[in-house]
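A.B. asks: First, the structure itself, so that you have it in front of you.
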Amino acid sequence: MIYGVVFLLVGIAGFIPGLTTNYETMQFAGHHSEAMLMGIFQVSILHNIVHLLYGIAGLVLARTGTMARHYLLWGGVVYLLLWLYGLFIGHDSPANFVPFNTADNWLHLGLGVTMVALSFLPRRKHTTELTAASPKY
């Protein structure tokens, strides 16, 4: 749920002038957008929409442990793939359609690693059995 809330907030912040510098240069997609979330992360309208969708998915899938694990695992895998994509495409390339910059690439690596790692945390076990020492009514 925490990742969902953060993605949702980041998606909203990307549309707020001041939090996003060079806001007037924001494009729908592509590397020509010079809008920078917090002056660091290159964003576009598409990039912000992706964050909003990831946030909504995180909140919806946080309802059960199994769904949350799948969100963390597969969402993390997607972010690791985005990290690799960002490493191999040129930042000025037409293939950089989301867009990404170096700061985005490192953030994607961190998100991917932490999301995948958290998906493997052991689940809490709920015991419903009464022990022999428990009083029975």
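A.B. asks: May I ask for the angle, rounded to the nearest 10°, between helix 65-88 and the longest principal axis of the chain, with both axes built from Cα atoms and the value confined to 0 to 90°?
C.D. replies: It works out to around 30 degrees.
A.B. asks: Take the alpha carbon atoms of segment 74-124, find their center, do the same for segment 1-72, and report the distance between the two centers in whole angstrom.
C.D. replies: If you average the Cα positions of each part, the centres end up 13 Å apart.
A.B. asks: With everything on Cα atoms, drop me the angle between helix 45-61 and the longest principal axis of the chain, reported from 0 to 90° to the nearest 10.
C.D. replies: Approximately 0 degrees, to the nearest ten.
A.B. asks: Taking the highest mean first, how do the peptides 62-71, 38-47, 11-20 order by number of other beta carbon atoms within 10 angstrom per residue? Walk me through the numbers before you get to the answer.
C.D. replies: Numbers: 62-71: 14.0, 38-47: 19.1, 11-20: 15.9.
My ranking of the peptides, most packed first, is 38-47, 11-20, 62-71.
A.B. asks: For the chain, what is the accessible area per residue in Å², given a 1.4 Å probe and the full set of protein chains? Before the final figure, lay out the partial values.
C.D. replies: Details: 8600 Å² over 137 residues.
With all protein chains present, the chain gives 63 Å² per residue.
A.B. asks: Would you kindly find the accessible area of residue 83, with a 1.4 Å probe and non-protein molecules such as ligands, DNA and RNA excluded, rounding to the nearest 10 Å²?
C.D. replies: 60
A.B. asks: Just want to confirm a number: the relative contact order over the chain, from Cα pairs under 8 angstrom separated by 6+ residues, in percent.
C.D. replies: Working: 206 pairs, mean separation 34.1, N = 137.
Computed value for the chain: 25 percent relative contact order.
A.B. asks: What is segment 18-84 by shape, rounded, prolate or oblate, if you read a ≥ b ≥ c off the alpha carbon gyration tensor as root eigenvalues and call it rounded for a/c under 1.5, prolate for a/b larger than b/c, and oblate otherwise?
C.D. replies: Prolate, since a/c reaches 1.5 and a/b exceeds b/c.
A.B. asks: Using 0.36 nm per residue of separation minus the Cα-Cα distance, give me the extension gain between residue 25 and residue 106 in nm, one decimal. Write down the numbers at each step before the final one.
C.D. replies: On the way: separation 81, 0.36 × 81 = 29.16 nm, distance 2.34 nm.
The span from residue 25 to residue 106 would gain 26.8 nm if fully extended.
A.B. asks: Then there is this: For the chain, divide the Cα radius of gyration by the Kirkwood radius and give the resulting Rg/Rh value with two decimals. Walk me through the intermediate numbers first.
C.D. replies: Details: Rg = 19.4 Å, Rh = 16.4 Å.
When Rh is taken as the Kirkwood radius, the ratio is 1.18.
A.B. asks: Of the heavy-atom accessible surface of segment 1-120 (probe 1.4 angstrom), what whole percent is carbon and sulfur? Don't skip to the end; give the middle numbers.
C.D. replies: Values: 4970 of 6390 Å².
Looking at segment 1-120 in its full context, I get 78 percent from C and S.
The values are calculated or read from the model by the stated rules, or taken from the named source; none is laboratory data. What you are looking at is a predicted structure, and each value in this text was computed from that prediction instead of being measured. Because the Cβ atoms are built from the backbone with ideal geometry, glycine has one as well, and the counts that use them run over all protein chains shown. We work out accessible area using only protein heavy atoms, side chains counted, and drop any ligands, DNA or RNA first. Shrake-Rupley method; radii C 1.70, N 1.55, O 1.52, S 1.80 Å.
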